[in-house]
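The values are calculated or read from the model by the stated rules, or taken from the named source; none is laboratory data. Since the model is a prediction, treat every value here as computed from it, not as a measurement. Cβ sites come from the backbone with ideal geometry, for glycine too, and all protein chains shown count toward neighbours. Quick note on the areas: whole protein, heavy atoms, side chains included, nothing else; ligands and nucleic acids left out. Shrake-Rupley method; radii C 1.70, N 1.55, O 1.52, S 1.80 Å.
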Amino acid sequence: TKQYTYTKAAPAATPTISVLTAGTNVVIQGSNFAANGQIVITVDGQTLGTLTANSAGAFVSQIQVPSNLKHGDHTIALTDRTSTKNYTYTVPSTPPNTPQPVAPANGATPPKPIMFEWSPVTADTAVTYDLQIATDANFTDSSIVIDKTGLTSVTYTLTSNEQNQLTGQSTPYYWRLSAVDAHDNQSAWTPAITLRVPTPFSFPTWLIYTLAGVGAVIIFGIGYLVGRRTAFYY
């Protein structure tokens, strides 16, 4: 009788990853992946790049995380087509500082076209600004007349069309600002700032009737004089 010795193969080691440094440039160390295998790196399903494990299935690699990821948790996945390991990458939810309005001053009646100015806000990412003008200091949806988003400069001048939307009939108007970073973190809004717009000039009704009356008298007088001169020549 022949005897055979059966040796159960040891299970393959589970791939592991660990983060050596966090931040925008994430350094990840991995082991127990496929020897000399190509590892695809994705964040939320979007491919960031590939790397190659060594003959022992290990690697150390730096991953450049996109700077425009929205705040919150994101999944960085590393897969060699056989095994996949995930790492949760958290983008901070810290909002930038609130911009400080410079002009127009509170309660001012600026000349046309109206230009708004505010102090710049610095943050770890690029910052844009939102500007709103409303007829209500509480900025209810129905009261917002102008809503500008994604402004990259610290000044904004109303276009002629936007200027025409501020008719002066609803004065005072109110304006406010906020800053938004690349991670979609938004600062608090500034307090409502009063903005007065001059009412378009128009003649009072009484003056229109007065001028019409005076004009009628003048026309009558001219007609009378012309009529007398004509009668004299005859």
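Assorted remarks:
- Where labels lie 7 Å past Cα in the beta-carbon direction, separation of residue 81 and residue 93 in nm: 4.0 nm
- R0 of 30 Å, Cβ-Cβ distance residue 155-residue 184: FRET efficiency to nearest 0.05: 0.80
- Take the Cα of residue 125, step 7 Å toward its Cβ, do the same at residue 40, and the gap between the two points is 2.6 nm.
- What a 1.4 Å probe finds exposed on region 58-156 is 47% carbon and sulfur by accessible area, rounded to a whole percent.
- Annotation: per residue accessible area for region 74-149 equals 55 Å², rounded to a whole number [probe 1.4 Å, protein chains only].
- Near residue 147, once Lys and Arg are set to +1 and Asp and Glu to -1 for all other residues with Cβ below 14 Å from its Cβ, the sum equals -2.
- Surrounding net charge for residue 179, when Lys and Arg each add one and Asp and Glu each subtract one, Cβ distance under 15 Å: -3
- Net +/- balance of residues flanking residue 132 in space, Cβ distance below 14 Å, scoring K and R +1, D and E -1: -3
- Point-to-point label distance, residue 171-residue 27, nm (Cα→Cβ direction, 7 Å offset): 6.2 nm
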